[in-house]
Structures are given as structure tokens and as C-alpha cells.
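Report on one structure; see the data block that follows.
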Amino acid sequence: MLTAHTIKILQSLDKKKFRQKYNLFLVEGNKIISELPNSNFKIKEILSTDPHKLDFPGIMMTHISENELKKVSFLKTPKDSIAVCHIEPEKKITDQNIQLVLDGIQDPGNLGTIIRLADWFGIEQIICSEDTVDFYNPKVIQASMGSFTRVNIVYCDLVEYLSETDNINIGTDMDGENIYQFEKPHKLNLILGNEGNGMRPETEKLLHKSISIPRFGKSQSTESLNVSMAAGIILGQLFSSEK
């Protein structure tokens, strides 16, 4: 059985300040949990309604009831198991040939999807502004579907980083170069701005090039694309010449 104190601590991990206080975050569901042993993330304990489905030698496994699972899960429909994991120490930024740079992304679902896209395209690093949503947020972890274990996510002062990087800084703009005619530089940072406001002016000043996704619909009435949708379209086109 879980003690009331343990339940209270686990429930508090939906908030960044408590994740930082306890240096812990949660991963839910056997499918995503099974990605953890091949990553750098250390598991403190696994809570499961059916521990026999997980074979993790050397990891503390606690058998919990369905009712206890509901109390500590952040999902509407709780899954079989929850892994309590240690937060990794922040890593240093080392420029990769292609990186995603996020300027003030606020929606956890968007960040999780962008992490998944990065993993799909083999992008190993995402650089985030300090006010981008915390990637240890349970909704981000869930939306990334395990991809967070393979993508290095770093938070920093974006203006400082973008001023010093050797990569070409590329952002999106309605008046930018058509993505379908754009020639991909060898080393680039693809910068994606806040869902409602786009990039900050100080970030925009550091762009070397701007690109746009043309609309083909006859009505031309759609104002903009969701940021994770736009990221998928741009990455698909940037990598189209790779195969």
C-alpha cells in the first residue's frame, strides 16, 4: 500500500516547483516505461497494478491497487504502471547540424509532439527558451510517447545562444522564402515561436533566413497552422532531399 505521504508527493509532481523540489518526474504506461532502461534516465521505483508485465532487474517494484493508481495518475484513463524517475542534470549545448529552437512554446501537447517529430527525423537536440513549458510536465512526457528518452532538451537564454551559434538561424514568416524552394543549409537552427505571439522581436532580429509554408486552399481563410503541424511540414520538406 502507498502511504498518504507518498501519494501526496506523487500528486504534487504535476507542478514544476515540486518536480524540482523532489528532483522527480513521472512516466506512465508500460509502453513508454519500457523505453527507460535504454536511456540515461534513472528509475527510482515502479508502481504497477500488474508488476509481472515488467521485467526490470534491480528496480524497486511496488504492487498497487487500481484505486491507488487512479489517485497518483495524471491521465483521465490511468494505465497499468507508473515509473517514478530522477530528473537528469542539465546538459551543455553542443551545436548539432540541425536543431530545433523553441521560443516560448507554452502548450505541453505541442512540446511533446515536437519532441516526437525531432526523434522521427533523427534530430538529437532541442534548445528551449527559459519560459518554454517544462519538458518534465506529465502532459509533455505523455505526448512525446517515449521520444523524450532519445532527444536532448536544454533550456537557456535564447538571445545569448542565437548570437553565438555557428548554425544558420531560420525562422518562419508569412513573407519568408517558400519552403518548397528553400535550399537547406548544412548547419541550421529551425526556430519555432510561441503559439499566439510567434517569435519575440529580439529573437527575430537574430534570424539569418525566413521561410514560409504556402497555402494551397482556394479560400485562403486559414490564418495559421498549429506550431507542431508547421514543424512537421517544414521538417518533412527539409529532409526530402536526404533519401
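Here is how the numbers come out for the structure above:
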| item | result |
| --- | --- |
| Length-normalised contact order for the chain - Cα pairs under 8 Å, 6+ apart - percent | 19 percent |
| Phi-based couplings in Hz for segment 24-37 (Karplus 6.51, -1.76, 1.60; Gly and Pro marked x) | 9, 8, 10, 10, 10, x, 4, 4, 6, 4, 5, 7, 5, x |
| DSSP loop chymotrypsin sites (Phe, Trp or Tyr not before Pro) with at most 14 other Cβ within 10 Å excluded, longest remaining stretch of the chain | 1-179 |
| Around residue 201: net Lys/Arg minus Asp/Glu count, Cβ-Cβ under 13 Å | -2 |
| Those GluC sites (Glu not before Pro) in segment 56-121 that DSSP places in a loop and that have at most 15 other beta carbons within 10 Å | 90 |
| Space enclosed by the convex hull of the alpha-carbon atoms of the chain, per residue, Å³ | 149 Å³ |
| Choice from 142, 11, 99 with maximal GNM fluctuation in the chain (Cα, 10 Å cutoff) | 11 |
| Radius ratio Rg over Rh of segment 63-197, counting only Cα atoms, Kirkwood formula for Rh | 1.04 |
| Alpha carbon Rg of segment 1-83, scaled by the compact-globule rule 2.2 N^0.38 Å | 1.03 |
| Ratio Rg/Rh [Cα only; Rh per Kirkwood] for segment 32-119 | 1.04 |
| Antiparallel bridge percentage (DSSP; both residues within the chain; nearest 5) | 30 percent |
| Alpha-carbon centroid distance for the pair segment 126-176 / segment 1-49, whole angstrom | 23 Å |
| For the chain, built as a Gaussian network whose Cα springs stay under 10 Å, the top-fluctuating residue of 194, 169, 38 | 38 |
| Sequence-separation-based contact order of segment 1-121, relative, with Cα cut under 8 Å and 6+ spacing, percent | 29 percent |
| Where trypsin sites (Lys or Arg not before Pro) fall in DSSP loop in segment 52-123, at most 13 other Cβ within 10 Å | 76, 91, 92 |
| Cα-Cα separations in segment 75-118 greater than 11 Å, expressed as whole percent | 81 percent |
| Label point distance in nm, residue 59-residue 30, each placed 7 Å from Cα along Cα→Cβ | 1.3 nm |
| Neighbour-limited loop hits for GluC sites (Glu not before Pro), segment 135-214 (at most 13 other Cβ within 10 Å; DSSP other than H, G, I, E, B) | 183 |
| Solvent-accessible area, 1.4 Å probe, carbon plus sulfur percent, for the chain | 49 percent |
| GNM top mover of 86, 63, 52 - the chain, alpha-carbon springs below 10 Å | 52 |
| By accessible area with a 1.4 Å probe, ligands and nucleic acids excluded, highest first: order of 100, 207 | 207, 100 |
| Segment 52-188, relative contact order [Cα under 8 Å, separation at least 6], % | 23 percent |
| Segment 93-203 - accessible surface per residue (Å², probe 1.4 Å) | 43 Å² |
| Restraint check, 15/184; 15/91; 21/53; 15/209; 16/92; 17/71, Cα-Cα greater than 28 Å | 15/184; 21/53; 15/209 |
| Whole-Å semi-axes of segment 137-192's equivalent ellipsoid (Cα gyration tensor) | 26, 17, 12 |
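The values are calculated or read from the model by the stated rules, or taken from the named source; none is laboratory data. Not measured: the values here are computed from a predicted model. So basically every Cβ, Gly included, is an ideal-geometry build from the backbone, and we count neighbours across all protein chains shown. Keep in mind that these areas ignore ligands, DNA and RNA; they rest on the heavy atoms of the full protein, side chains included. Shrake-Rupley method; radii C 1.70, N 1.55, O 1.52, S 1.80 Å.
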